[in-house]
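Structure first, commentary second.
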Amino acid sequence: MAQTRSRTERSQDAGSAPSPTQNHLLAALSPDVQGRLFPHLELTELPLRALMYEAGRPMQHVYFPTESIISMQYLMENGTSTAISVVGNEGLLGITLYMGGESTHSQSVVQSAGHAYRLPRSRVKEEFDRHGELLLLMLRYTQALITQVAQTAVCNRHHTIHQQLCRWLLLSMDRLSHNRLTMTQEFISNMLGVRRSGVTIAASRLEQLGVISYERGMIQVLDRPQLESLSCECYRVVKKETDLLLHYLPQRQIIADVADIRTVTLPQG
């Protein structure tokens, strides 16, 4: 489970602790809103594969990732799961808390280890009910997340494993400050809801093309432009909508002209 650090522990190594403003949504808030929220934020360590939310369990906090990525997954009755979206420093985890619910049917698993700042449910609702900045940013983020979930469903139905892997890698890279992911092929297959052999073939193809390198659970993206060209239109749709709705994201994450990205159809692995 996620590990929440005490105020004393945080003060001992404040120089190395991530800042709340590493989360772009928190950074976009005015000083007045930050002044009301930041004193109540708790720094939480998110180890790889930590379970953040369990399906059906009451939710007590909203999480604002700084340099971690969390995968929202739908768990089937037979134990299999499929990722329906990823959440990183562009937004927050826990939209159910301010959309009227107290629990979710999905589970949330840490895909890339790091940290997040969490805010108690009562503080989230109190600020949300002011009908101010936080409400507007949260609703815009929710719309962007809905687009990602819907496009993921389309992608899983109509596109190859190669293209799904490219889309997932690009979405992950958009939420990191570097080009490396610590991830096993087994974990990737669980997130995509496909066989591990299919992921192995897709990853090998990308390695052969010089797009990525993969060794001992470490994926490094070597050629992002080519990765974008090999992805299906699903990544472009999500990216364009995210950039439109989340105007606070840094410019380095924005594609200059998504219409110029070449796409190809790859054979099913």
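The values are calculated or read from the model by the stated rules, or taken from the named source; none is laboratory data. Being a predicted model, the structure only gives us computed values, none of them experimental. All Cβ positions, glycine included, derive from the backbone under ideal geometry; neighbour counts span all protein chains shown. With ligands, DNA and RNA removed, areas are computed over all heavy atoms of the protein, side chains included. Shrake-Rupley method; radii C 1.70, N 1.55, O 1.52, S 1.80 Å.
Quick check on my filter: what residues within the stretch 176-196 are of a type outside the set (A, V, I, L, M) and either in contact with an Asp or Glu (Cβ under 6 Å, 6 or more places away or on another chain) or open to solvent by 20 Å² or more (accessible area, probe 1.4 Å) (or both)?
First, the residues of the stretch 176-196 that are of a type outside the set (A, V, I, L, M): 177-180, 182, 184-187, 189-190, 193, 195-196.
Ser177, His178, Asn179, Arg180, Thr182, Thr184, Gln185, Glu186, Asn190, Gly193, Arg195, Arg196, listed by residue number.
With the condition kept exactly as written, say whether any residue in the stretch 103-121 is among the aromatic types (Phe, Trp, Tyr), at pLDDT 90 or above and buried (at least 16 other Cβ atoms within 10 Å of the Cβ).
Pass one, the stretch 103-121, residues among the aromatic types (Phe, Trp, Tyr): 117.
Checking which are at pLDDT 90 or above leaves us with 117.
Pick out the ones that are also buried (at least 16 other Cβ atoms within 10 Å of the Cβ) and you get 117.
Within the stretch 103-121, one or more residues are among the aromatic types (Phe, Trp, Tyr), at pLDDT 90 or above and buried (at least 16 other Cβ atoms within 10 Å of the Cβ).
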Hey, can you tell me all the residues within the stretch 75-106 that are in a strand (DSSP E or B), in contact with a Gly (Cβ under 9 Å, 6 or more places away or on another chain) and farther than 22 Å from Asp174 by Cα?
Ser81
Residue list for the stretch 40-72, restricted to those being free of Cβ contacts under 8 Å to residues at least 60 places away in the same chain, open to solvent by 40 Å² or more (accessible area, probe 1.4 Å) and within 12 Å of the chain's Cα centre (by Cα)
none
Flag if Gln148 is buried (at least 16 other Cβ atoms within 10 Å of the Cβ) and in contact with a Phe, Trp or Tyr (Cβ under 9 Å, 6 or more places away or on another chain)
no
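Can you pull out every residue in the stretch 107-128 that is aliphatic (A, V, I, L, M) and assigned to a strand (DSSP E or B)?
Listed by number, the residues that qualify are Val109, Val110, Ala116, Leu119.
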Here is a check on your reading of the model: is Gln143 under 24 Å from Arg49 (Cβ atoms) and open to solvent by 20 Å² or more (accessible area, probe 1.4 Å)?
no
